[in-house]
Structures are given as structure tokens and as C-alpha cells.
Amino acid sequence: MILYIGASIYHILCFSLHKLIYHPEEEAVLIICDNIFSKSGMEELKADIDKSEIFSRTLILHYIEGAYSNPYVLKETSPAEEIDRYIAWNEQWIEEWMEQNQLDISEAAEFNTAIDHRHFGLYLLSKKIPYQYFEDGNGLLSRERVQMEFHKKSQYASYAVTKRLHALGNSRYVTKRYANSSAQVPGFYDEKMEDFNVITLFAGLKEEDKKRLLKMFHAKKLELPRTKKGPVLYLTRYVRYLQKPTIQNHHYLSAMILDLFAEDHLVVIKPHPRDFSGRYRDLFPDAVVLDKHFPSELLPFLYDGKFRKIITIGSTAIDALEKNTEEIIKLEEGFENKLDSVFGYVVAVQAVKSLFPELKKEEITAAGCLRELLDPLCRDILGFTVPEAGKQGHYKVVVADEIPDRIPEADLILYLNTAWDFKFADTDPGVFQRLAFLGVSVKTVSRKSLGKASEAVILAEAGDPEIRKAAENFRFRKEFPRTGLVMTAGNETRQEKEYGKVMAEILWMSHKTGKENGMLLLPKRRRKVSMGDVEAVRQLCSVLKKEEETDENHRICTNEIEE
């Protein structure tokens with residue numbers, strides 16, 4: 001008997017392929033957890049697997065029940081003894097479950113699991129039973145940190161037992177690690193790894209076995225209308241894995257991604273198998289929404305064409321689909337954490353295109369920017385991605401966000417300043433005399449808007465007054481129809497722009513001196529700024545400069561050194 005233990009649709013695909021290829025004539029038992037679908041969905045899944053007759057027996061392990069029944073709740077302060085008690089309780093629970101289901105693992109000649117930090121997989125590990133490990137998703141064998149961070153945040157018990165017993169395939173009891181080698185981090189090597197690319201393996205199956213698997217997953221042929229720009233595939237993420245795991249945030253995130261990267265494209269949405277957020281057909285009525293019950297890795301066998309782009313914010317399937325698209329947009333935690341900064345990035349890249357229409361790739365670079373957001377925007381708007389800074393001394397344009405140690409010299413530097421710390425002025429306080437102010441305003445278009453109104457500022461440094469004037473005169477408007485927002489840039493009056501530049505210098509000084517938390521009473525921003533308001537903040541700025549000079553002279557005289 002061959003035993004397989006998994007907890008996702010992708011695991012079931014892997015095990016089905018492994019069984020058909022490596023053990024076509026042997027009996028095999030498949031154990032799957034009940035957290036893949038709803039209760040009725042799990043019953044339907046089991047029935048479909050049984051009909052395929054790939055496995056001689058399919059058992060559903062009620063993992064949710066077992067997880068919440070464990071009396072030992074692990075947390076960061078839990079000692080090793082408490083973790084061991086948690087593991088021992090799991091062993092007892094699994095043994096009782098096996099007895100109830102008349103499963104005798106002494107008959108098993110081979111153990112395979114894609115999940116060795118919970119329930120039955122953990123049982124194999126804690127009992128020191130040798131097993132073959134399947135990576136949890138494409139490329140994850142070399143990205144253990146990603147899994148560990150998720151478990152530490154959302155499933156601490158899994159994190160604790162992984163650290164304690166070297167789970168996630170790292171145990172000495174692992175005899176082989178199956179993983180998609182092409183999806184791993186460049187340069188990754190594991191002497192126990194064996195390449196397991198499900199797309200390649202599926203393609204090599206007999207036609208009858210291909211049909212059997214497609215039928216088991218209810219995966220049907222996809223026919224799409226011809227479009228000028230080509231279809232864009234969006235692979236959603238399980239809500240619980242998001243930084244802000246709410247349905248509202250998931251809907252806003254999805255709408256923003258499609259507004260940014262799928263404008264005027266036919267959108268195809270493939271929900272994650274555990275995506276219970278629903279409403280995609282209501283939210284995006286012009287999109288083609290696929291069934292969620294099949295693994296995305298089967299799409300190359302369902303769609304004969306090629307996608308213009310494939311986008312995701314966490315689906316590991318994307319690493320297996322590179323040959324089926326012209327462009328991969330892989331968004332991760334950084335994008336979600338900087339979601340409110342999207343508008344400034346869009347305006348900055350559009351300003352570059354407008355101010356330097358003949359710009360060449362080697363004439364621009366970026367400093368401290370979120371690459372997973374900047375790169376696809378530049379490909380769409382400029383036609384190329386912005387390269388890293390080279391050895392050349394001067395560029396036409398630099399787009400800067402979180403300020404590194406050194407910013408290359410340029411005719412124009414666009415400071416996104418999303419951390420709102422104004423660090424670009426730390427080494428050159430005189431920069432404020434060379435700045436142009438570019439305001440970004442975002443407004444909702446209806447009560448049904450998924451996003452909220454907001455404001456951002458881009459500060460553009462240029463030594464040439466003509467370039468500075470052109471930056472200050474830049475105007476831009478963009479609608480985000482799926483999120484229900486409209487963004488405008490550069491529409492401030494002359495007084496508002498001047499007011500904003502002076503306030504930027506004041507905020508930099510307050511941040512530098514540690515007064516940004518309320519020690520400095522700043523004037524409130526007015527809806528309409530007059531020249532009187534501008535003069536008021538100029539006087540405040542002048543006073544603060546004198547105070548800073550006085551403090552600096554005092555430190556010099558008393559030999560005080562700032563830490």
C-alpha cells in the first residue's frame with residue numbers, strides 16, 4: 001500500500017500524478033483534510049476522487065475538529081515541554097482516528113506527504129517514520145521563510161512544531177523532496193530534491209489518464225473571444241493569507257490590481273480553491289470567472305491560447321505558468337502593505353513619460369522603490385522596466401521612495417516619500433529650494449466605491465528651472481472603474497503648491513528633531529490656501545530654522561554629539 005497525505009487541490013493533483021506514473025498497479029490510500037472546501041464540497045470532492053479510481057481508498061481527516069480539540073494552545077512563550085505535549089496529543093488523536101477508520105499503516109510500503117507540520121504528516125514526523133515530502137506549492141521548497149512567517153502570524157502551533165521537529169521537509173527522516181525545480185529561487189540546490197513539474201508530468205500521461213484527471217477536477221475547456229490586447233488571467237488568493245484578511249480588503253485589492261494592470265483587457269479570474277469571498281461575477285461583470293475547484297496548473301491543458309499577462313498576489317501556481325503568458329506580475333506582501341501608495345507610483349511614471357517622451361532605458365533608474373509595483377507599471381507606460389543604478393554618474397530621471405544611502409544624480413528626481421519621513425533632505429537641506437510640488441488627489445465616484453478618498457504628494461527635485469516648471473505644470477487624470485475611484489494630479493493652485501513645499505520643509509524639520517508626534521503645533525490644512533496662509537507657514541519655517549541653528553550651535557559649544 002502507498003499512503004498519500006495532503007491538504008489542498010494542488011496536493012491531490014501531485015499525488016494523482018505520482019500514483020499514475022510511479023505506482024500504476026499498486027493500491028494507494030489518499031488522506032485529505034477537510035479544510036479544502038465546505039462540508040458538502042468535501043463530500044463531492046471525495047466522490048469525484050473515488051469515481052476516478054486512481055486511489056483504492058479516500059479518507060477525509062477532520063483536521064479542524066482535531067486542531068481545536070488539542071488542549072495545548074501554543075504561543076511564543078510556550079516552553080519545549082509544552083510543544084512536546086501538543087505533539088504527543090496529536091499522536092494519540094491520529095492513532096484513535098486510524099482505529100476508527102480501520103487504517104493499518106504497518107501495511108504501507110511508502111509514505112508521501114505535502115504537509116508534515118500538522119495532523120497526520122506531523123504524526124509521521126514525530127514517530128520518526130521515513131517519508132517522501134512534496135513541496136506545498138510551486139517554488140516553496142526554496143522559500144521556507146515565506147511559509148514560516150505565515151505560520152508564525154496565523155498558525156503559531158504549526159510554526160512551533162516546525163521549529164521543534166524541523167518540518168517543511170527539513171527532517172532527516174525525509175528520504176526525497178519532490179519540487180518544481182524551475183520554480184525555485186535561482187541558485188537553489190537540494191541533494192534530496194527530485195524535479196516534479198506537474199505540467200510536464202501531466203503532458204506525458206496517457207490520453208485516458210488526462211481525461212480521467214480533468215473529469216475528477218471538473219476542469220473544462222476554456223474558449224475565449226479574440227481581443228485586440230489579449231486576455232489577462234488573475235489568480236486570486238485565499239483571504240486568510242492576506243496581510244489584512246478581510247473580504248472588503250480582498251475585493252478592494254482585486255479591483256485595484258485589475259484597474260492597474262488589466263485596463264482594456266478581457267479579464268479571466270481563477271479563484272483560489274479556498275477563496276470563499278465570492279461575488280466576482282457581481283464585482284466584475286465583464287470578466288470571465290472560472291470554477292475554483294480545479295488547480296490552476298491545469299490551465300495549459302484547458303486554454304489553447306496564450307495570456308497577455310498572468311497576475312497574482314500570492315498564488316504559487318503562477319511559477320508553473322510562465323510559458324503560458326507574455327508577462328508575469330507577481331505581487332506579494334510589499335504591494336499589499338503599500339496599497340495606499342499605488343497612486344503616487346502611477347503619477348510618477350506618467351510624469352516621466354510626459355516630461356521625457358524620448359527617454360531611453362539607460363537614462364533612468366530607481367532608488368528604494370517597490371519593484372513588484374514599479375516594474376509592471378513601467379512596462380505598461382514606458383515600454384521597459386527601470387534598471388538598477390549603474391556606475392554612471394548622472395541620469396535624466398531617478399524615481400525614489402524609501403531613501404537608500406545614496407541617490408544618483410539626475411536632471412529630475414521624483415520623491416514619492418511614501419513613508420512620509422522626508423529623508424531625502426537629510427544630506428542636503430537646500431533641496432527644498434529646488435522642489436516642485438505635485439499633489440495627487442483620489443476621490444470616490446459613488447457610495448459603492450471599494451476604495452476611499454485620499455491624498456498624496458510627489459516632490460520633484462530639479463536644478464534646471466525649466467524642468468522644475470514643467471514638473472509643476474504636469475497634469476494627469478485617471479479613472480479606476482473597478483475600485484470606483486478617480487485620481488487627479490497637479491491641479492493645485494500656485495498658492496497651494498507653494499504652501500505644500502514650505503510645509504514639506506517644516507515636516508522634515510519636525511521629523512528630524514522628533515517633534516512630529518504633537519510637540520510641534522502645525523497649522524491645519526485649509527481647503528483654499530491664500531497668500532496669507534503661505535506667508536504664515538513661511539514665517540513658521542523661518543522660526544524653526546533659527547531654533548535649529550541655535551540648537552546646533554549649542555551642541556557644538558558644549559561638545560554634544562548626536563547619537
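The values are calculated or read from the model by the stated rules, or taken from the named source; none is laboratory data. Note that this is a predicted model, so its numbers are computed, not measured. We place every Cβ from the backbone using ideal geometry, glycine too, and count neighbours over all the protein chains shown. Please note that ligands, DNA and RNA were not included when accessible areas were found on the heavy atoms of the full protein model with its side chains. Shrake-Rupley method; radii C 1.70, N 1.55, O 1.52, S 1.80 Å.
The dipole here belongs to region 321-478: it is taken about the Cα centre, uses +1 on the Cβ of Lys and Arg and -1 on the Cβ of Asp and Glu, and is about 760 debye. Determine which aspartates and glutamates satisfy two conditions relative to Lys323: a Cα distance under 17 Å, and not lying fewer than 8 residues away in the same chain. In chain and number order, the partners are Glu297, Asp304.
The Asn35 and Glu362 beta-carbon pair, evaluated with R₀ = 41 Å, returns a calculated FRET efficiency of approximately 0.20. Counting protein heavy atoms only, region 80-152 has 43 percent of its accessible area on carbon and sulfur, 1.4 angstrom probe. Listed by chain and number, the lysines whose alpha-carbon sits under 27 Å from that of Lys546, ignoring those within fewer than 8 places in the same chain, are Lys423, Lys497, Lys501, Lys512, Lys515, Lys524.
Check each of the chymotrypsin sites (Phe, Trp or Tyr not before Pro) in region 387-464 and keep only those in coil by DSSP with at most 16 other C-beta atoms within 10 angstrom; list them in order.
Numbers: sites: Tyr395, Tyr415, Trp420, Phe422, Phe424, Phe432, Phe437; in loops: Trp420, Phe422.
Those that pass, being in a loop and sparsely packed, are Trp420.
Debye-formula intensities of region 234-330, expressed as log10 I(q)/I(0) at q = 0.21 Å⁻¹, are -1.14 (one equal scatterer per alpha-carbon, no solvent). Here the calculated FRET efficiency for Lys127 and Glu43, from their Cβ-Cβ distance with R0 = 25 Å, stands at 0.25, rounded to the nearest 0.05.
To check you understand DSSP bridge types, tell me what percent of the beta bridges within the chain (both residues inside) are antiparallel, rounded to 5. List each step's numbers first, then the result.
Numbers: 21 of 69 bridges.
For the chain, the DSSP antiparallel bridge percentage is about 30.
Helix 9-22 axis versus longest C-alpha principal axis of the chain: approximately 50°, rounded to the nearest ten.
The residue list Pro130, Leu141, Gln100 was ranked by how far each Cα lies along the charge dipole of region 99-147 toward its positive end, using unit charges on Cβ atoms, and Leu141 comes out on top.
Relative contact order, percent, of region 102-159 when contacts are C-alpha pairs under 8 Å separated by at least 6 residues? It would help to have the intermediate numbers written out before the result.
Values: 43 pairs, mean separation 15.8, N = 58.
27 percent.
Relative to the longest principal axis of the Cα atoms of the chain, the long axis of helix 156-165 lies at roughly 70 degrees.
Taking the Cα centre as origin and putting +1 on Lys and Arg beta-carbons and -1 on Asp and Glu beta-carbons, what dipole magnitude results for the chain, to the nearest 20 debye?
Using Cβ point charges on Lys, Arg, Asp and Glu, the chain gives about 1940 debye.
Suppose the chain between His23 and Lys206 were pulled fully straight at 0.36 nm per residue; how much longer would it get relative to their current alpha carbon spacing? If you can, show how the numbers build up before the last one.
Details: separation 183, 0.36 × 183 = 65.88 nm, distance 1.46 nm.
Here the answer is 64.4 nm.
Mean residue ellipticity at 222 nm from the helices of the chain, using -39,500 (n - 2.57) per DSSP H segment of n ≥ 4 over the full residue count, to the nearest 500 deg cm²/dmol? Numbers along the way, then the final one.
On the way: 17 runs with 204 residues, N = 563.
Calculated at 222 nm, the ellipticity per residue is -11000 deg cm²/dmol.
Considering only C-alpha atoms, what is the centroid distance from region 125-172 to region 299-361, in Å? Result: 30 Å between the Cα centres.
Near Phe424, within a Cβ-to-Cβ distance under 14 Å, what is the net charge of the other residues, with Lys and Arg +1 and Asp and Glu -1? It would help to have the intermediate numbers written out before the result.
On the way: positive: Arg406, Lys423, Arg434, Lys501, Lys512; negative: Asp401, Glu402, Asp405, Glu409, Asp421, Asp426, Asp428, Glu461, Glu505.
Around Phe424, the surrounding residues sum to -4.
For the chain, the longest principal axis of the alpha carbon atoms and the long axis of helix 342-355 meet at an angle near 60°.
Is there a pair in Lys75/Lys152; Lys306/Lys330; Lys270/Lys338; Lys443/Lys469; Lys270/Lys330 whose C-alpha atoms are over 19 Å apart, and which pairs would that be? Display every interim value, and only then the final one.
Values: Lys75/Lys152 9 Å; Lys306/Lys330 17 Å; Lys270/Lys338 24 Å; Lys443/Lys469 26 Å; Lys270/Lys330 15 Å.
Pairs exceeding the cut-off: Lys270/Lys338; Lys443/Lys469.
Using C-alpha pairs under 8 Å with a sequence gap of at least 6, the mean separation divided by the residue count of the chain gives a relative contact order of 9 percent.
Note on Thr246/Glu95: beta-carbon distance plugged into 1/(1 + (r/R0)^6) with R0 of 25 Å gives a FRET efficiency of 0.05. Counting 0.36 nm for each residue step from Glu194 to Lys176 and taking away their Cα separation leaves a gain of 5.8 nm. A straight Cα-to-Cα reach below 18 Å connects Lys244 with the aspartates and glutamates Glu149, Asp275, Glu332, Glu333, Glu336, Asp340, residues fewer than 8 places away in its own chain not being considered. Surface exposure of the chain, expressed per residue as accessible area with a 1.4 Å probe, stands at 49 Å².
List the relative contact order of region 392-449 as a percent without decimals, with contacts defined as Cα pairs under 8 Å and 6+ residues apart. If you can, show how the numbers build up before the last one.
Details: 47 pairs, mean separation 14.6, N = 58.
Result for region 392-449 is 25 percent.
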